[in-house]
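**Q** Take this structure first; my questions come after.
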């Protein structure tokens, strides 16, 4: 396990300080939701994407647009509807005439996907063909138009929202496509005190100006530093054990998995647990990943990668409860992980 050098530590310290500044700036526009903000920033600095799920009126759009301002990034919101076409996202080619020569030629007009931060509002309201256009840009960081491949801006972050209370006329994302999102983040109702502050602030005259904390170039540098943060072998093994324990077809899985799970998480979940753990460690001023960091990000990483069966649906046994059970069952201490014969030789290169 290699340690960060002096320059890397200085850069990591800047990220820790920037995180605190961003929290203070965001509090001017957003009341509460600090865990949601932390998870959004984790995805950005880990070069991932996120699904945000919550009922209407919880300031999801305001949060993302405000975050884009603090990070000095271009922002675009796409309202997904049943009649939205892939070209409405990626852009389209139009015929333009040169007034000087009279010649006509095709010119590509970029769609909203060519921004740094994309809010895909109610992604489950548009058909699979349009969903796939967004997912191609997420995974490949490019779009294919007219036989050409056009690169996205960097950094590039997609936040897709879903409404959990209206399911008629929707096109839920398949599990294979949800797996491409690093986190699934739940936005909860505010507390009494938070809702009081929300009502008081939003019903009065106010002018909010957010200070730009980081720009795109700085974010790219920090994304590189995050991948250099060391993760000990036993921490990687612990993340692997959490993920492999969700696979019902593997031998020796816990009873809760056999009883309530149809399909478990794939290898991408291991990668995201470690990457998210690295970001969290730096945000909290540490320069190595601990099992505590893995536990803190386990729910947003795993909740959309575990497919429950009929028994779980009938009993209201959610994927979050399954992850909680796994965190209770699987030991996180270094000696306990190292003593487990199932981890022998299980470490792969990041």
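None of the figures in this text is laboratory data; all of them are computed from the coordinates on show. Keep in mind the model is a prediction, meaning the values are calculated, not measured. Counting neighbours? That spans all protein chains shown, and the Cβs are built from the backbone with ideal geometry, glycine included.
**Q** Express the C-alpha Rg of the stretch 229-343 as a ratio against the empirical globular expectation 2.2 N^0.38 Å, rounded to two decimals.
**A** Details: Rg = 13.9 Å, N = 115, 2.2 N^0.38 = 13.4 Å.
The value comes to 1.04.
**Q** Compute the acute angle (0 to 90°) between the alpha-carbon long axis of helix 60-70 and the principal axis of greatest extent of the alpha-carbon atoms of the chain; round to the nearest 10°.
**A** The answer is roughly 80 degrees.
**Q** In the chain, what is the volume of the convex hull around the alpha carbon atoms, normalised per residue and reported in Å³?
**A** Working: hull volume 63.9 nm³, N = 350.
Hull volume over Cα atoms, normalised by residue count, gives 183 Å³.
**Q** Taking the Cα atoms of the stretch 262-316, report the difference between the largest and smallest coordinate on each principal axis, in whole Å and largest first.
**A** The principal-axis extents, from largest down, are 43, 21, 13 Å.
**Q** Also, quick follow-up: Taking every DSSP beta bridge with both residues inside the chain, roughly what % is antiparallel (nearest 5)?
**A** Antiparallel bridges make up about 40 percent of those DSSP assigns within the chain.
**Q** Determine, for 4, 173, 302, the number of other Cβ atoms within 10 Å of each Cβ, and report the residues in order from fewest to most.
**A** Going from least to most buried by this count: 4, 173, 302.
**Q** Here's another thing I want to ask about it. Can you give me the Cα centroid spacing of the stretch 130-195 and the stretch 54-98 in angstrom?
**A** 11 Å
**Q** Now for a different question. Pairwise over distinct Cα atoms, reciprocal of the mean inverse distance: report the Kirkwood radius of the stretch 1-89 in Å, one decimal place.
**A** 15.4 Å
**Q** How many angstrom separate the Cα center of the stretch 1-50 from the Cα center of the stretch 197-261?
**A** Rounded to whole Å, the Cα centres lie 11 Å apart.
**Q** Shifting gears a bit: Quick one: angle between helix 291-302 and the longest Cα principal axis of the chain, in degrees between 0 and 90, rounded to 10, please.
**A** Once rounded, the angle reads 50 degrees.
**Q** Just 99, 141, 280 to compare: in a GNM of the chain, with alpha carbon springs under 10 Å, which one fluctuates most?
**A** 99
**Q** Follow-up. Under 10 Å, Cα contacts only: if you run a Gaussian network model on the chain, which one of 332, 160, 100 comes out with the highest mean-square fluctuation?
**A** Between 332, 160, 100, it is 100 that shows the largest mean-square fluctuation.
**Q** What is the Å³ per residue value for the convex hull set by the Cα atoms of the stretch 150-226?
**A** 235 Å³
**Q** Give the order of 107, 278, 153, 184 when sorted by the count of other beta carbons within 10 angstrom, beginning with the fewest.
**A** Neighbour counts put them in this order, fewest first: 107, 153, 184, 278.
**Q** Counting each pair of different Cα atoms once, what's the Kirkwood radius of the stretch 1-49 in Å, rounded to one decimal?
**A** For the stretch 1-49, inverting the mean 1/r across all distinct Cα pairs yields 12.3 Å.
**Q** Provide the three semi-axes, in whole Å and in decreasing order, of the ellipsoid equivalent to the stretch 99-195 as defined by the square roots of 5 times the Cα gyration tensor eigenvalues.
**A** 34, 16, 14
**Q** Calculate how steeply helix 128-140 sits against the longest principal axis of the alpha-carbon atoms of the chain, using the helix alpha-carbon long axis, and give the answer as 0 to 90 degrees to the nearest 10.
**A** 70 degrees
**Q** With the chain treated as a Gaussian network of Cα nodes joined by springs under 10 Å, which of 172, 86, 164 yields the largest mean-square fluctuation?
**A** Looking only at 172, 86, 164, the largest GNM fluctuation is found for 164.
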